[in-house]
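Everything on this sheet refers to the single structure shown next.
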Amino acid sequence: MAPLHAGQLPGGRAVDTAGFATFPLPDAPETPSSARRMTRTTLAGWGLDALTDDATVIVSELVTNAMRYGLPRQGERAPLPPATPRQPILLTFVHCGGSVLCAVFDPGTEVPRLKEPDHFEESGRGLHVLESLAERWGWTTPDRHGKAVWALLVPPDASAEWEPLTRLLLLLELLSGPSWLKSLGASAAGEEAPETR
């Protein structure tokens, strides 16, 4: 008998399963590589192989941006637990059925801003890549613990009926208080953000 994979019944039928995983990450040169490996391993464990390539690129961009723009000066603000000053970034995955929400939490206050890339610069295209690969993406309003930038991935043959962001925000409500619930209405990729960078 063939082994069953997470999220499948015999005959290859998908099971409507849900899962959650979170990983604290340090501010270190190898962190984006580690995050990509964690992404591949987590999604493979859930049987979401079809989303792995896009999720890996998205997570790499989110983690790199968190390291570049989301880390405060020493002692400036506390990261969202279970992150610590030594591991200030949280990489989180929430999945239901075939969809997955990738979120990166950092203690920074700058929100992402989609801008026209300079074709002569080596950087500045990450959010355009994110926008092209994700079904939806956005961020939570910064508060005392920082913010989360998230991207929702849906298999090509499905629709995003389940709203993983709702579960993520409920978890944040338990961890850090009611200010995160307000963020659902205040974050969206199409919303105009204040010019901070």
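Per-residue extension of 0.36 nm, minus the Cα-Cα distance of Asp27 and Ala50, leaves a gain of 5.4 nm for this segment. A Förster distance of 25 Å, applied to the separation of the beta-carbon atoms of Gln87 and Thr141, puts the FRET efficiency at 0.60. Taking label positions 7 Å along the Cα-Cβ direction at both Thr41 and Glu116, the computed distance is 4.4 nm, reported to one decimal.
Taking amide H atoms as placed 1.01 Å from N in the peptide plane, the amide H of Asp143 has no partner under 5 Å among residues 5 or more positions away or on other chains.
No lab work stands behind these numbers, since they all come straight from the coordinates. On a predicted model such as this, the values are computed, not experimentally measured, just so you know. Heads up, the Cβs are rebuilt from the backbone with ideal geometry, glycines too, and the neighbour counts pull from every protein chain shown.
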